[in-house]
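Enquirer: Before I ask anything, let me first share the structure, which is written out below as structure tokens.
The values are calculated or read from the model by the stated rules, or taken from the named source; none is laboratory data. Note that the coordinates shown come from a computational prediction; the quantities given were computed from them, not determined experimentally. We place every Cβ from the backbone using ideal geometry, glycine too, and count neighbours over all the protein chains shown. Side chains are part of the model used for accessible areas, which takes the heavy atoms of the whole protein and leaves out ligands, DNA and RNA. Shrake-Rupley method; radii C 1.70, N 1.55, O 1.52, S 1.80 Å.
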Amino acid sequence: MNKVLALLGALVLAVIAYTALSPQSANEEGTAADVATVGSAVEPTMGFIDDERIKNAASEPGNWLSFGRTYEEQRHSPLTQINKETVGQLGLAWYKDMNTNRAQEATPIVVDDTMFFSSTWSKVFAVDAITGETKWSYDPEVPGEWARKACCDVVNRGVAVYKGRVYVGTLDGRLVALDAATGSVVWEVDTLIDRTRFYTITGAPRVANGKVFIGNGGAEFGVRGYVTAYDAESGEEVWRFFTVPGDPSLPFEHPEMELAAETWKGGSWWEFGGGGTVWNSIVYDPDFNTVYLGVGNGSPWTRVIRSPGGGDNLFLSSIVALDADTGSMKWYYQTTPGDNWDYTAVQYIALADMEVDGEMRKVLLQAPKNGFFYVLDRADGQLLRANPYATVTWASHVDMETGRPVENPELDYEQQEQWVLPGPLGAHNWQAMSVDEEAGVVYIPAQDNPLIYGLSEDWKQSGIYKRNPGGWNTGLEFGRITQLVVDNIADQPTPKGYLKAFDPLTGKDKWVVEIPHYWNGGVLSSAGGLVFQGDALGMLTAYDKDNGEALWQFNTYTSMLAPPITYEIDGTQYVSILTGTGGGDLFGGEPLPPVSEHASLTYNNYGRLLVFKVGGTEELPVPTVRDRTIPVQTNLTASNDQIAAGERHYHNYCAVCHGLAVRSGGSIPDLRRMSEGTHTVFNQIVQDGLLAANGMAAFNDVVSDEDTTMIHHYVRARAEQDRLAAAGEGGGQLTWQ
Ligand code: CA
């Protein structure tokens, strides 16, 4: 049973939060004291970086000028002051409470002595990179209820800094240009083509060659993916590239859509949106003036519903190379033709120069969700390598002649539910890898994390799958997910987390560190011979890059997802990381033993910015262990049928945030621990949006008042099950059906 909850990934939104233990509201996070303290001390050229500076990043190794440090996005720093010998003296220099307990995912940018970064609710901060003093902060005032439109919480992965401006994409779909010196808004555009659809922006904009590039997310709910380039100076739209075809009765927006449309057959994908969102990786390549898009999964996930006549469904799960000036396509490579598993190819793309089969090549590297590590030639997209980097069961291998994966017919889930690896969280998700070009190694935060895939019961019984505008539209049967898991538990592959040093050319592991929990943080490597990673257990660790030995650890008391960065100012090297977990794993929720030492569950999900240096002596407050007692439940009056109905609604609408089987993962309120006061307003919260400002929007468009009562019955029943189990009086079952 321990594996039951340690699975799954990203999934939708949820119902209910409760007053007493609710996280800070959107409006409370970020305090007034943080705002606009800019004075004459601020340099007029603050944040003034341009293409040349980023292209020549090697000449200023102390800075972290763009998202992945340089345009190549290798996240490998040339700094060496913190190295294998000195790392033992690494200590906390300072920290900053970010007043949030939701996931922080951003990569900070460091320009000269200023650090720019984003936190929850798309808020932006500029701080003194030596002292942590706030220079300014900006709150885009995302409406709290927009959180319901986010699959994976109110996260943001970072800003771009360019020519004295800071660019951020907001959860509610705006792209905002700020004055880098003051944080005041220079311009703002609405990037969304349809504000009634559940679009969100969580990814970092990229800026190059006078343009800002931004995509969006939302494929689980049903949207159509696209990327837009805006003029960095004025905010005017320069080009837009759709990643999947739209309504076939309408003209193609650009020629590539004609090619794509030939690969979609039957069905009515455009009503669902088709998916293909570009929510994470957009990489600029100065060698070719190309922008590479990492394109996401299909909507719905299941191809038999999305495109019943078959076809590859371009450009789902693809890497698409566009001319940066015009947005016209140069080439594409599709990692998962006819995606059927939520196998996005949005994972970080890194660029490198590598010798492949005796020839120097300009290559593109990516470890997408599907478990194969791709090495492509950037000039034309030629496939050079596709080795598995984690356990892969959906396909046996990639045929290097055709460039296509060879699917495993035994794991076709259209007739029968199947455990598949990787699951929807991928063998690797957005948590950054790093590339050590000199060593010919990539460091990947990888995982074996299965899902039992099964088609929607409605579809199986009627052949009809109706779009639900207010919920997830995956085509899978999530309402019965706990039952499917319990019924098939004997066959479940064990979820595991890894940090891997992986040779992308040979496909061999140089070393592997196994981590008890699968959902861990991004990676930074350095010429100091170290690989840094924060993990679910709350440990920030420096590993020896040659053998994976842990040389240094620091207990942050908080689980981490964000990648560390490093920078150097006035002869002192720093390592920095944002703490706080959640994101796509909210659905997986609380792990069962033996994976119990999850920091954010044990303590709290402390959103902080931590900065370390050799000789740092600052200390974090030692937190108290969270009281995880489940109160005695009252009103346990429902019938088994009512509870079972509540279970289905819960898993269709609530579990994505509040966790499978009502076991929250630590950053969203655990409904088993609601106070009686909250119980009395349960239906008002769900139906009327009593806590909308916190992100708990009303769900009265998708669940009726009666459905809500059933959900409430189920929540109480599950709470009582787990309370009894904790008291040694129950079996700890996870399902009612
Ligand atoms: Ca997805």
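Enquirer: State the answer as a single residue: which of 685, 661, 699 lies farthest towards the positive end of the charge dipole of segment 640-726, with beta carbon charges of +1 for Lys and Arg and -1 for Asp and Glu, about the Cα centre.
Expert: Result: 661, furthest along the dipole toward the positive end.
Enquirer: Ok, one more. Suppose we keep just the DSSP beta bridges with both residues in the chain; what percent of those would be antiparallel, to 5?
Expert: 100
Enquirer: Taking 0.36 nm per residue of sequence separation and subtracting the Cα-Cα distance, how much length would be gained by fully extending the chain between residue 52 and residue 704, in nm to one decimal? Can you show the working numbers first?
Expert: On the way: separation 652, 0.36 × 652 = 234.72 nm, distance 5.71 nm.
Difference between extended and current length: 229.0 nm.
Enquirer: Same structure, new question: Using unit Cβ charges (K, R positive; D, E negative) and no other charged atoms, how large, in debye to the nearest 20, is the dipole of the chain about its Cα centre?
Expert: 980
Enquirer: To the nearest Å, what is the center-to-center distance of segment 544-589 and segment 604-663, using C-alpha atoms only?
Expert: So the two Cα centres are separated by 22 Å.
Enquirer: How large, in Å, is segment 602-737 by the Kirkwood hydrodynamic radius built from its alpha-carbon pairs?
Expert: One decimal place: 16.6 Å for the Kirkwood radius.
Enquirer: Then there is this: What order, most packed first, do the peptides 410-422, 438-450 have when packing is the mean number of other Cβ atoms within 10 Å of each residue?
Expert: Peptide ranking by packing, descending: 438-450, 410-422.
Enquirer: If you don't mind, there's one more thing I want to ask. Please give the net charge around residue 204, taking every other residue with its beta carbon less than 10 angstrom from that of residue 204, where Lys and Arg add +1 and Asp and Glu add -1.
Expert: Computed value for this residue: +1.
Enquirer: To the nearest 0.05, what FRET efficiency results for residue 572 and residue 488 with a Förster distance of 45 Å applied to their C-beta separation?
Expert: So the FRET efficiency works out to roughly 0.25.
Enquirer: Next up: To one decimal place, what Kirkwood hydrodynamic radius in Å is obtained for the chain from all pairs of distinct Cα atoms?
Expert: This gives a value of 25.4 Å.
Enquirer: To continue, here is another question. Let me cross-check residue 319: its accessible surface, 1.4 Å probe, with only protein heavy atoms counted, in Å² to the nearest 10?
Expert: 0
Enquirer: Continuing with this model, one more query. What distance in nm lies between label points placed 7 Å from Cα along the C-beta direction at residue 382 and residue 636?
Expert: 6.7
Enquirer: I'd like to check one number: the per residue accessible area of segment 113-196, probe 1.4 Å, reported in Å² as a whole number.
Expert: I get 25 Å² per residue for segment 113-196.
Enquirer: Oh, and also: Return the FRET efficiency for the residue pair residue 265, residue 684: r is the Cβ-Cβ distance, R0 is 41 Å, and the value is rounded to the nearest 0.05.
Expert: According to the calculation, E is roughly 0.35.
Enquirer: Same structure, new question: Quick check for me: using +1 on Lys/Arg Cβ and -1 on Asp/Glu Cβ, what's the dipole size of segment 630-712 about its Cα centre, in debye to the nearest 20?
Expert: 360
Enquirer: Cα convex hull of segment 451-522: mean projected area in nm², to one decimal?
Expert: Mean orientational projected area (segment 451-522, Cα hull): 8.3 nm².
Enquirer: Ignoring ligands, DNA and RNA, what percent of the 1.4 Å accessible area of the chain is carbon and sulfur?
Expert: That fraction is 47 percent.
Enquirer: Another question, then. Provide the packing ranking of 256-264, 471-479, i.e. peptides ordered by the mean count of other C-beta atoms within 10 Å per residue, highest first.
Expert: Details: 256-264: 18.2, 471-479: 24.2.
Most protected by this proxy first, the peptides run 471-479, 256-264.
Enquirer: Would you mind calculating the gained length between residue 412 and residue 196 on full extension (0.36 nm times residue separation, minus the Cα-Cα distance), in nm to one decimal?
Expert: Working it through step by step, the gained length comes to 74.3 nm.
Enquirer: Please give the length that would be gained between residue 250 and residue 328 if that part of the chain were fully extended, namely 0.36 nm times their separation in residues minus their C-alpha to C-alpha distance (nm, one decimal).
Expert: 26.1 nm
Enquirer: Of 638, 159, 651, which is farthest on the positive side of the dipole of the chain, counting Cα position, with +1 on Lys and Arg Cβ, -1 on Asp and Glu Cβ, and the Cα centre as origin?
Expert: Working it through, the farthest residue towards the positive pole turns out to be 638.
Enquirer: Take the alpha carbon gyration tensor of segment 62-177, find the square roots of its eigenvalues, order them as a ≥ b ≥ c, and report rounded if a/c is under 1.5; if not, report prolate when a/b exceeds b/c, else oblate. Spell out each step's value before the answer.
Expert: Working: a/c = 1.88, a/b = 1.67, b/c = 1.13.
Prolate.
Enquirer: What are the aspartates and glutamates whose alpha-carbon lies under 13 Å from the alpha-carbon of residue 265, with same-chain residues fewer than 8 places away excluded?
Expert: 247, 312
Enquirer: Could you sort the peptides 57-66, 220-229 by per-residue average Cβ neighbour count (10 Å cutoff), highest mean leading?
Expert: Highest to lowest by the protection proxy: 220-229, 57-66.
Enquirer: Go from 0 up to the bin containing the longest alpha carbon distance in segment 254-309, width 10 Å each, and give me the % of pairs per bin.
Expert: With a bin width of 10 Å, the distribution comes to 21, 41, 27, 10, 1.
Enquirer: Anything over 18 Å Cα to Cα? Flag those among 123/369; 55/500; 369/496; 510/613; 211/369; 362/510, in the order listed.
Expert: Checking Cα-Cα distances, 123/369; 55/500; 510/613; 211/369; 362/510 exceed 18 Å.
Enquirer: Place a label point 7 angstrom from the Cα of residue 625 along the Cα-to-Cβ direction, then list the residues of segment 537-557 whose backbone nitrogen is under 20 Å away.
Expert: 537-539, 555-557
Enquirer: What is the dipole size for segment 363-475, taken about its Cα centre, with +1 at each Lys and Arg Cβ and -1 at each Asp and Glu Cβ, in debye to the nearest 20?
Expert: Roughly 400 debye for segment 363-475.
Enquirer: Can you find, among 713, 64, 275, the residue farthest towards the positive end of the dipole of the chain? Put +1 on the C-beta of Lys and Arg, -1 on that of Asp and Glu.
Expert: The listed residue farthest towards the positive side: 713.
Enquirer: Averaged per residue, what accessible surface does segment 367-492 expose to a 1.4 Å probe, in Å²?
Expert: Result: 35 Å² per residue.
Enquirer: Report, to one decimal in Å, the Kirkwood hydrodynamic radius for segment 220-351 based on all distinct Cα pairs.
Expert: This gives a value of 14.6 Å.
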